[in-house]
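Heads up: the structure comes next, in structure tokens.
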Amino acid sequence: MPSVSTARTRKDAAPSSRRPILAGGAVVTREDPQRGIEVVIIHRKRYDDWTLPKGKLDVGESLPACAVREVEEETGVTIRLSVPLDSITYEAGTAGLKKVDYWGGVVLDSVRRSPDAEVDVVSWLPVRAALGRLTYTHDHFLVQQWLEQPPTTPLIILRHAKAMDRKDWSRKDWARPINSRGRRQAKMLAPMLAAYGVTRLVSSTSTRCTTTLLPYAHQHELSVETYSLLSEEEGEDNPKGVAKLTREIRAATLSNAEPTAVCVHRPVLPHILNALQIPPRNLVTGEFLVAHLTADGAVHALERHRPQA
């Protein structure tokens, strides 16, 4: 089993029984031909500080989606998330305790952002200059932490959204659809998958798996590749076959540096995790793992998320 790095928690505030305000952010870098690695940082006029882009969670929003949205709103830079970094917890004045989850950010696009009351300057600076300008110690730590990470590509393993109960379905089980809760989960999964820049969708042939991916597929004009080997009927009792297919999907993910999501069933999940050398774990419907793969196929970091539907 390769070593798996996990996001550590760094606390800049004393423990509190209060429920913290949740927020997401990212350390975003790019390579400049003349200046080398640059970091994007922002100046907030209200606080007169220089900091990393971050912001509070909207109602019903996931933390990964929040981090991507806030980076775009505050800098004009569209990113996909890479490995998770530390979570920072601190006192935010009269607002109370605030907990910010951070990721490394990979730039997908960038537009010039006009100054406003919230952010009046967006600046790309070489690492040393950025560290010299950032106001907060924890931001220095996060930049250094991100620079220590190897390049990775996300492979998402998703259990399908909530389906109609078997006892209420009289036809073939592969055709059993997702229910109203499952449809809400599928809709909420779309921005979560987008946060990791998913461009390839793989699924069991079963209806409950393919329809879980359809909202995202429609939004991003992607097709869904289906494999009967990933279905309960064929995959549950064929661990070798599922493992072989999983390794092929992993190889293609790495070869093309293409973030990929695979939607499967609970009985097939152990075979996939075993092939990726991930310890066994159960996922509830709509829940997924993000395996951040290094160039040699090792799992460098692992995340777990689910839509709150």
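Do we find that Ala257 is of a type outside the set (Asp, Glu), on the phi > 0 side of the Ramachandran plot and loosely packed, with under 15 Cβ neighbours inside 10 Å in this structure?
Against the criterion (of a type outside the set (Asp, Glu), on the phi > 0 side of the Ramachandran plot and loosely packed, with under 15 Cβ neighbours inside 10 Å), Ala257 qualifies.
Run down Leu85, Leu63, Leu52 and say which single residue is of a type in the set (A, V, I, L, M, F, W, C), in contact with a Gly (Cβ under 7 Å, 6 or more places away or on another chain), at pLDDT 90 or above and more than 26 Å from Pro115 (Cα to Cα).
Leu85
Output yes when any residue across the stretch 160-168 is modelled with pLDDT of 95 or more, part of a helix (DSSP H, G or I) and either among the hydroxyl-bearing types (Ser, Thr, Tyr) or surrounded by 18 or more Cβ atoms within 10 Å (Cβ to Cβ) (or both), and no when none is.
For the stretch 160-168, residues modelled with pLDDT of 95 or more, part of a helix (DSSP H, G or I) and either among the hydroxyl-bearing types (Ser, Thr, Tyr) or surrounded by 18 or more Cβ atoms within 10 Å (Cβ to Cβ) (or both): absent.
Sort out which residues of the stretch 126-163 are in contact with a helix residue (DSSP H, G or I) (Cβ under 9 Å, 6 or more places away or on another chain) and of a type in the set (A, V, I, L, M), and write them in order of number.
Selection gives Val127, Ala130, Leu131, Leu134, Val143, Leu147, Leu155, Ile156, Ile157, Leu158, Ala161, Ala163.
From (1) assigned to a strand (DSSP E or B); (2) within 19 Å of the chain's Cα centre (by Cα), pick out the condition that doesn't hold for Leu142.
Unmet for Leu142, out of (1) assigned to a strand (DSSP E or B); (2) within 19 Å of the chain's Cα centre (by Cα): (1).
Starting from the stretch 163-179, take each residue that is under 21 Å from Glu287 (Cβ atoms) and without any contact (Cβ under 8 Å) to a residue 40 or more places away in the chain and list its partners that are among the hydrophobic types (A, V, I, L, M, F, W, C) and in a loop (DSSP other than H, G, I, E, B), counting only C-beta distances under 9 angstrom and pairs at least six apart or across chains.
Arg176/Met164; Arg176/Trp169; Pro177/Met164; Pro177/Trp169; Ile178/Ala161; Ile178/Met164; Asn179/Ala161; Asn179/Met164
Can you confirm whether the stretch 288-295 contains a residue that is part of a helix (DSSP H, G or I) and more than 18 Å from the chain's Cα centre (by Cα)?
No.
On the basis of being within 16 Å of Glu91 (Cβ to Cβ) and at pLDDT 95 or above, does Thr29 make the cut?
Spelling it out, it is not the case that Thr29 is within 16 Å of Glu91 (Cβ to Cβ) and at pLDDT 95 or above.
Residue-by-condition table, conditions (1) at pLDDT below 95; (2) within 18 Å of Ala194 (Cβ to Cβ); (3) crowded, with 17+ Cβ neighbours inside 10 Å; (4) among the hydroxyl-bearing types (Ser, Thr, Tyr):
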position: Arg208; (1), (2), (3), (4): no, no, yes, no
position: Ser228; (1), (2), (3), (4): no, no, no, yes
position: Ser231; (1), (2), (3), (4): no, no, yes, yes
position: Leu276; (1), (2), (3), (4): no, no, yes, no
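Which residue pairs have Cβ atoms under 9 Å apart, sit 6 or more places apart or on different chains, and have a first residue in the stretch 27-53 that is without any contact (Cβ under 8 Å) to a residue 60 or more places away in the chain and assigned to a strand (DSSP E or B) and a second that is of a type outside the set (Val, Ile, Thr) and buried (at least 16 other Cβ atoms within 10 Å of the Cβ)?
Once the first residue is without any contact (Cβ under 8 Å) to a residue 60 or more places away in the chain and assigned to a strand (DSSP E or B) and sits in the stretch 27-53, its partners that are of a type outside the set (Val, Ile, Thr) and buried (at least 16 other Cβ atoms within 10 Å of the Cβ) give Glu31/Glu38.
Would you confirm whether or not the stretch 137-147 contains a residue that is more than 21 Å from Ala67 (Cβ to Cβ) and either surrounded by 17 or more Cβ atoms within 10 Å (Cβ to Cβ) or among the acidic types (Asp, Glu) (or both)?
Taking every residue of the stretch 137-147 in turn, none turns out to be more than 21 Å from Ala67 (Cβ to Cβ) and either surrounded by 17 or more Cβ atoms within 10 Å (Cβ to Cβ) or among the acidic types (Asp, Glu) (or both).
Which of the residues belonging to the stretch 109-137 are charged (D, E, K, R), within 18 Å of Gly55 (Cβ to Cβ) and touching a residue at least 60 places away in the same chain (Cβ under 8 Å)?
Glu118, Asp120
(1) touching a Phe, Trp or Tyr at 6+ places or on another chain (Cβ under 9 Å); (2) aliphatic (A, V, I, L, M); (3) more than 21 Å from His305 (Cβ to Cβ): which one isn't true of Ala243, the others all being true?
The number of the failed condition is (1).
Could you list all residues from the stretch 96-115 that are under 19 Å from Val28 (Cβ atoms), among the charged types (D, E, K, R) and not in a loop (DSSP other than H, G, I, E, B)?
Correct list: Asp101, Asp109.
Among residues belonging to the stretch 296-309 that are among the aliphatic types (A, V, I, L, M) and part of a loop (DSSP other than H, G, I, E, B), point out the one that is modelled with the highest pLDDT.
That would be Ala298.
The values are calculated or read from the model by the stated rules, or taken from the named source; none is laboratory data. Worth saying up front: this structure is predicted, and the values here are computed from it rather than measured. A quick note on method: Cβ atoms are made from the backbone with ideal geometry, for glycine too, and the neighbour counts reach across all protein chains shown.
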